[in-house]
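Each reported figure results from applying straightforward, stated rules to the coordinates on display, with no laboratory input. None of these values were measured; they are calculated from a predicted model. Note that we place each Cβ from the backbone using ideal geometry, even for glycine, and neighbour counts take in every protein chain shown.
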Amino acid sequence: MEGTIVSLLPPLVAIILCIILREAILSLFIGVWVGALLLNHFHPAVALFRSVDQIALNALIDPDHAVNIMFIVLIGGFVQMMNQSSYSRRWIAALAGLLRSPRNARVAMWTTGMLLFIDDYANSLIVGGGYRQLADRFRIAREKLAFIVDTTSAPITSIALISTWIGFEISTIDQVLDARA
């Protein structure tokens, strides 16, 4: 089924379920299960076990994947703690007092996104989560906030001199050069 239109079924299922259920982890796992179902001749129990033992565990065993997952969980927890703290609400209120217009708020979002260049995931979580209340206060559409976050996360991280993307790019170039030698 590789290389056919059927191979698009698992990601489509995951995307549609994510939109309907608004639950990313469950939707992604069901998408993986659908892929395992296709690979294991439509045996649901076998596909469930293969989803866990071959696909999910192999992804967690890989050191690079494990580091990324741990980093994202830690940053997500940090952002959630910030969003729940009273200091975060005070910071947003103080910032909102300094900003006088939606344009100023958008510039503040953009500037923060440009300054948080260490990691694109951290940038997305911190700017997106931190400025959500400010965007609501200034009636800035969530789509506009998402656009600002998207355009200042990975693009800026990939061209910054010190970032996780640069480390990844250098390691990839090093692997290609080692393979050619």
> Which of the following residues is under 30 Å from Ile55 (Cβ atoms) and touching a helix residue (DSSP H, G or I) at 6+ places or on another chain (Cβ under 9 Å): Ala108, Ala154, Ala160?
Replying inline: Ala154
>> List the helices (runs of 4 or more DSSP H) inside the stretch 38-114, counting only whole elements, that have at least 1 residues being free of Cβ contacts under 8 Å to residues at least 24 places away in the same chain and within 18 Å of the chain's Cα centre (by Cα).
In response: 57-61, 63-84
>> Looking only at the stretch 57-102, how many residues end up being basic (Lys, Arg) and either within 21 Å of Asp120 (Cβ to Cβ) or surrounded by 11 or more Cβ atoms within 10 Å (Cβ to Cβ) (or both)?
In response: 1
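Tell me, please, whether a residue that is under 28 Å from Val73 (Cα atoms) and polar (S, T, N, Q) can be found in the stretch 30-48.
no
Please count how many residues of the stretch 109-137 are more than 24 Å from Trp165 (Cβ to Cβ) and crowded, with 19+ Cβ neighbours inside 10 Å. Walk me through it before giving the result.
Our first condition is that a residue be more than 24 Å from Trp165 (Cβ to Cβ); within the stretch 109-137, this holds for 132-137.
If we keep only those that are crowded, with 19+ Cβ neighbours inside 10 Å as well, we get 134-135.
Going through the stretch 109-137 one residue at a time, the tally reaches 2.
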>> If the requirement is being surrounded by 13 or more Cβ atoms within 10 Å (Cβ to Cβ) and of a type outside the set (D, E, K, R), which of these qualifies: Leu21, Leu12, Leu38?
In response: Leu38
>> With the requirement that a residue be closer than 17 Å to Arg137 by Cα and touching a Phe, Trp or Tyr at 6+ places or on another chain (Cβ under 9 Å), what does the stretch 58-94 give you?
In response: Ile92
